[in-house]
Amino acid sequence: WRQVFLPVVLVGVAWLTVSGVTTFYLQWLESSYQRLLDEHLLPIQAATQLQRALWELHADTASRRISRVDWPTRIQGFQEEVAKHLQVLREGATFPQELQTIEEIEREIAQYEQKLQATLEVRHRFEELAIARDDLYEKGATVTSHLKSIQLLNRQAFERLSSRRAGIHRLVFWARGLTITLVPILGIAFGWWTARRLQQRVTQIQVTLH
């Protein structure tokens, strides 16, 4: 009975082991890659939100709105939002050029705020205001350019990781399917071989008895 029961047990244990190991590995792989993807996704989102904050502030300098804004409060809120998003960018920086670009962004935003103060000083002189807003727009465009370069770096890294994860998933699923398919086949073959051996022994015993 051992020769019949043991192969069944071995096949069952092997099948469960393969299934359990591959499931655990896929869960670990998914968790690991998700952390890496988040490292690149968060800077992309922070750069996007920082661009939005910058251009919303710039929109408030329009001639029809500039005199109605509580600028001390508005600027303080902008500075807090900038600090928050820059912190996310610094924490998520994974490339040396990112840190350099973030430093440039900080300098450009400081210059933008200086130009904003100069713009507010001429808010009631419309011709000078138009010139100041053009200068402010150029500085904002420079900041946006730096932010887009950070987005591009992280988006490319995000896409590479996503592609690599998909490739590993396909390989693991293929290997898992192949293994799970082969284990029962090998079990059946082993069982057939065992049955043949038992049949041969039974035949030998019968011949001996006769």
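Can you name the condition, by its number, that residue 181 falls short on among (1) at pLDDT 85 or above; (2) open to solvent by 50 Å² or more (accessible area, probe 1.4 Å); (3) more than 28 Å from residue 42 (Cβ to Cβ)?
(1)
Among the residues of the stretch 105-124, count how many are more than 30 Å from residue 43 (Cβ to Cβ) and without any contact (Cβ under 8 Å) to a residue 24 or more places away in the chain.
Initial filter on the stretch 105-124 (more than 30 Å from residue 43 (Cβ to Cβ)): 118, 120-124.
From what is left, the residues that are without any contact (Cβ under 8 Å) to a residue 24 or more places away in the chain are 118, 121-122.
So the count comes out to 3.
For the stretch 81-103, how many residues are acidic (Asp, Glu), loosely packed, with under 15 Cβ neighbours inside 10 Å and closer than 20 Å to residue 144 by Cβ? Break it down stepwise before answering.
At the first step, the residues of the stretch 81-103 found to be acidic (Asp, Glu) are 81, 91, 98, 103.
Keeping just the survivors that are loosely packed, with under 15 Cβ neighbours inside 10 Å gives 91, 103.
Okay, now just the ones that are also closer than 20 Å to residue 144 by Cβ, so 103.
Final tally of qualifying residues: 1.
Go through (1) modelled with pLDDT under 90; (2) part of a helix (DSSP H, G or I); (3) polar (S, T, N, Q) and name the single condition residue 114 misses.
(1)
Specify the residue that is modelled with the highest pLDDT; the eligible residues are those in the stretch 32-53 that are surrounded by fewer than 17 Cβ atoms within 10 Å (Cβ to Cβ), more than 17 Å from residue 109 (Cα to Cα) and not hydrophobic (A, V, I, L, M, F, W, C).
The extreme case among them is 45.
Go through the stretch 58-75 and give me each residue that's of a type in the set (S, T, N, Q) and assigned to a helix (DSSP H, G or I).
Applying the first criterion (of a type in the set (S, T, N, Q)) to the stretch 58-75 yields 61, 63, 67, 73.
Once the filter is applied, which keeps residues that are of a type in the set (S, T, N, Q) and assigned to a helix (DSSP H, G or I), the stretch 58-75 yields 67, 73.
Residue by residue through the stretch 124-158, note down the ones that are surrounded by 17 or more Cβ atoms within 10 Å (Cβ to Cβ), over 36 Å from the mean Cα position of the chain (by Cα) and either at pLDDT 95 or above or not small (Gly, Ala, Ser) (or both).
129, 133
So is residue 74 open to solvent by less than 80 Å² (accessible area, probe 1.4 Å), more than 20 Å from residue 43 (Cβ to Cβ), in contact with a Leu (Cβ under 8 Å, 6 or more places away or on another chain) and at pLDDT below 90 or not? Steps first, answer last, please.
Details: open to solvent by less than 80 Å² (accessible area, probe 1.4 Å): yes; more than 20 Å from residue 43 (Cβ to Cβ): yes; in contact with a Leu (Cβ under 8 Å, 6 or more places away or on another chain): yes; at pLDDT below 90: no.
Judged against the criteria, residue 74 is not a match.
Can we say residue 127 is in contact (Cβ under 8 Å) with a residue 24 or more places away in the chain and at negative phi?
On the way: in contact (Cβ under 8 Å) with a residue 24 or more places away in the chain: no; at negative phi: yes.
Answer is no for this residue.
When both residues are 6+ apart or on different chains and their Cβ atoms are under 8 Å apart, which pairs have a first residue that lies in the stretch 66-94 and is touching a residue at least 24 places away in the same chain (Cβ under 8 Å), and a second that is assigned to a loop (DSSP other than H, G, I, E, B) and open to solvent by 80 Å² or more (accessible area, probe 1.4 Å)?
These pairs meet every condition: 67/124.
Might you let me know whether the stretch 54-71 holds any residue that is among the aromatic types (Phe, Trp, Tyr), under 15 Å from residue 146 (Cα atoms) and open to solvent by 70 Å² or more (accessible area, probe 1.4 Å)? Before you say what the answer is, go through the steps one by one.
Step one: filter the stretch 54-71 for residues among the aromatic types (Phe, Trp, Tyr), giving 55, 71.
Now restrict to residues that are under 15 Å from residue 146 (Cα atoms): 55.
With open to solvent by 70 Å² or more (accessible area, probe 1.4 Å) added as a condition, the list becomes 55.
Yes, the stretch 54-71 contains at least one residue that is among the aromatic types (Phe, Trp, Tyr), under 15 Å from residue 146 (Cα atoms) and open to solvent by 70 Å² or more (accessible area, probe 1.4 Å).
Taking the conditions exactly as written (over 20 Å from residue 161 (Cα atoms), assigned to a helix (DSSP H, G or I), open to solvent by less than 80 Å² (accessible area, probe 1.4 Å) and at pLDDT below 90), does residue 3 satisfy them or not?
Details: over 20 Å from residue 161 (Cα atoms): yes; assigned to a helix (DSSP H, G or I): yes; open to solvent by less than 80 Å² (accessible area, probe 1.4 Å): yes; at pLDDT below 90: yes.
Criteria met by residue 3.
The values are calculated or read from the model by the stated rules, or taken from the named source; none is laboratory data. Since the structure is predicted, the reported quantities are computational estimates derived from the model, not experimental observations. Cβ coordinates were reconstructed from backbone atoms using ideal geometry, including for glycine residues, and neighbour counts include every protein chain displayed. The accessibility values were calculated without ligands, DNA or RNA, using every heavy atom of the protein model including side chains. Shrake-Rupley method; radii C 1.70, N 1.55, O 1.52, S 1.80 Å.
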